[in-house]
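The values are calculated or read from the model by the stated rules, or taken from the named source; none is laboratory data. Small disclaimer: the values here were computed from a predicted structure and weren't measured. Cβ placement follows ideal geometry from the backbone for every residue including glycine, while neighbour counts extend to all protein chains displayed.
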Amino acid sequence: MNRIGAALTTLALLAFASPLAIAAESAKSDPAAKAFLHDIYDRYPGKNAKGTLLTSNADINRYFAPELAMPIIADRTIAQKVGDIPTLAGDPFINAQEWTVDKLDISVQQQGKDKAIGTVKFINRGKPQTVIVELVKMPNGWRIHDLTARGEKLSALFIKK
């Protein structure tokens, strides 16, 4: 093969390999995103597990992106002022008020540099559950943009109809 043929072959290989390399790079998930989900969900399995508590505004801001944290906090503030139960009365991470969680499995798929989708599967009280967690990377780490359990988005609770 002459030099022109070798150069064309090299260019063809680069043209083919570059998109594959870019796709492979974007498919890699940020280990910090998975660690963030483990920080939340590793508190559920086991007898007498306490789960991840959302007792303060700081807790809510620790786990949720501002666009979801703000309506949750506002709703809690209003409910407290009028002596009512807030909209988010159960545990949003497992979509239940009570739990006995077993067989926790967490996977994360990167959706670009600053977005990822987490899939959290577990058995709660003998029933298989799946929670889809939309993550966004903020300057202070990964946060939940929204989550979906049993076909319902958490953000939908706070949309005024």
Return a yes/no flag: does segment 68-84 have any residue that is touching a strand residue (DSSP E or B) at 6+ places or on another chain (Cβ under 8 Å) and in a loop (DSSP other than H, G, I, E, B). no
If you go through segment 130-146, how many residues are part of a strand (DSSP E or B) and at pLDDT below 95? 0
The number of residues in segment 86-97 that are among the hydrophobic types (A, V, I, L, M, F, W, C), in a loop (DSSP other than H, G, I, E, B) and at pLDDT below 90 is 2
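Any chance segment 2-14 includes a residue that's assigned to a helix (DSSP H, G or I), farther than 19 Å from Val101 by Cα, among the hydroxyl-bearing types (Ser, Thr, Tyr) and at pLDDT 95 or above?
no
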Which count do you get for residues in segment 24-39 that are surrounded by 13 or more Cβ atoms within 10 Å (Cβ to Cβ) and basic (Lys, Arg)? 1
Considering only segment 40-68, state which residues are touching a residue at least 60 places away in the same chain (Cβ under 8 Å) and crowded, with 18+ Cβ neighbours inside 10 Å. Tyr41, Tyr44, Tyr63, Phe64, Ala65, Leu68
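I need a count of the residues in segment 147-156 that are part of a strand (DSSP E or B) and either among the hydrophobic types (A, V, I, L, M, F, W, C) or touching a residue at least 40 places away in the same chain (Cβ under 8 Å) (or both).
So the first thing to find is which residues in segment 147-156 are part of a strand (DSSP E or B), and the list is 147-149, 152-153.
Filter once more, so that each one left must be either among the hydrophobic types (A, V, I, L, M, F, W, C) or touching a residue at least 40 places away in the same chain (Cβ under 8 Å) (or both): 147, 149, 152.
Total meeting the criteria: 3.
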Identify, by number, the condition in (1) modelled with pLDDT of 95 or more; (2) exposed (fewer than 14 other Cβ atoms within 10 Å of the Cβ); (3) not β-branched (Val, Ile, Thr) that Arg150 doesn't meet. (1)
Being farther than 28 Å from Gly46 by Cα, free of Cβ contacts under 8 Å to residues at least 40 places away in the same chain and surrounded by 14 or more Cβ atoms within 10 Å (Cβ to Cβ) is the filter here, so list the residues in segment 82-120 that pass it. Gln111, Lys115
